Amino acid sequence: MEEVVVGSTSSSSSSKFPLTFWEVAAAGGVVLGFVVGLLGVYLTMPASDYSFLKLPRTLEDLQILRDHLESYTSDYTIQVLVGYCMVYIFMQTFMIPGTVFMSLLAGSLFGVLKGVALVVFTATAGASSCYFLSKLIGRPLVFSLWPDKMTFFQAQVAKRREGLLNYMLFLRVTPTLPNTFINVASPIVDVPYHIFFFATVIGLIPATYVTVRAGIALGELRSMGDLYDFQSIATLFLIGLVSVTPTLMRKSKL
């Protein structure tokens, strides 16, 4: 009877914090790398008041950040780019919400073409970083945070091995599953990295274009709901359906 109580207690404590000391140390090492990189950018910028530098949580925060960064972007382009990339990749790696604000900022500061290229690059790098970090320490976290989604995703990936790239493209283009979940869960369900990579690069382009383009007219946005109207969401789902069409046709021939 005592053994049962002890076992349930240890199981309960492990479910509360499912990472070991070394797993936390590995994640901490990645954080330290980002901190050192951002510190390097900060030290090479001119002396000034940087109290405006914070992760935007509202459109008002974003507009204030944009107004201040515009004056630095032309003279300190490299520092702004490196700082932007480090912050975006850090947010993607550790599942920090708010990357949509960073995508809007890219459009506002760099225009559509450069903004889309920048966001796709940083989003792919951040997703890849999250993928490999999850492969190292993510299994207990994924199953404790998203047990139902994990069961669904695992079954779908196992069923669609032959057309996995098309399926992953569909998930990236459409809001069927959150991108954060896809980044963390993919290595756990054995999605090969090359498929994960190509689906991320290609699949993020449509939604990124919509968001970055909206960033150019940042002052006209009244709420985040203005970003994706019915037409934009319907278009994304149409693109997603096109991406899985080859898989559906292949199955119909069998």
Original post:
Could we say that residue 17 is under 28 Å from residue 179 (Cβ atoms), open to solvent by 40 Å² or more (accessible area, probe 1.4 Å) and modelled with pLDDT under 80 here?
Top reply: yes
Original post:
of a type in the set (A, V, I, L, M), open to solvent by 70 Å² or more (accessible area, probe 1.4 Å), in a helix (DSSP H, G or I) and free of Cβ contacts under 8 Å to residues at least 60 places away in the same chain: does that describe residue 89?
Top reply: no
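Can you tell me which residue within the range 167-191, out of those that are in contact with a Lys or Arg (Cβ under 8 Å, 6 or more places away or on another chain) and assigned to a helix (DSSP H, G or I), is surrounded by the fewest Cβ atoms within 10 Å (Cβ to Cβ)?
181
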Subject >> Scan of the range 142-166 for residues that are open to solvent by less than 40 Å² (accessible area, probe 1.4 Å) and in contact (Cβ under 8 Å) with a residue 12 or more places away in the chain, ordered by number >> reply: 142, 150, 153, 157, 163, 164, 166
Original post:
With respect to the numbered conditions (1) crowded, with 17+ Cβ neighbours inside 10 Å; (2) in contact with a Leu (Cβ under 8 Å, 6 or more places away or on another chain); (3) within 23 Å of residue 204 (Cα to Cα), which one is the sole condition not fulfilled by residue 99?
Top reply: (2)
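Could you please find all residues in the range 117-141 being among the aliphatic types (A, V, I, L, M) and either in contact with a Lys or Arg (Cβ under 6 Å, 6 or more places away or on another chain) or surrounded by 22 or more Cβ atoms within 10 Å (Cβ to Cβ) (or both)?
118, 119, 123, 127
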**OP:** Consider residue 39 carefully, then state whether it is in a helix (DSSP H, G or I), farther than 28 Å from residue 199 by Cα and open to solvent by less than 30 Å² (accessible area, probe 1.4 Å).
**Re:** no
Original post:
residue 75: open to solvent by 60 Å² or more (accessible area, probe 1.4 Å), in a loop (DSSP other than H, G, I, E, B) and not hydroxyl-bearing (Ser, Thr, Tyr), yes or no?
Top reply: yes
**OP:** Just need a number here: residues in the range 109-137 that are over 16 Å from residue 196 (Cα atoms) and over 14 Å from the mean Cα position of the chain (by Cα).
**Re:** 11
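The values are calculated or read from the model by the stated rules, or taken from the named source; none is laboratory data. Here the structure is a predicted model, which is why all the values come from computation and not from measurement. Reconstructed Cβ throughout: ideal geometry from the backbone, glycine too, with neighbour counts over all protein chains shown. All accessible areas refer to the heavy atoms of the entire protein, side chains included, with ligands and DNA or RNA removed. Shrake-Rupley method; radii C 1.70, N 1.55, O 1.52, S 1.80 Å.
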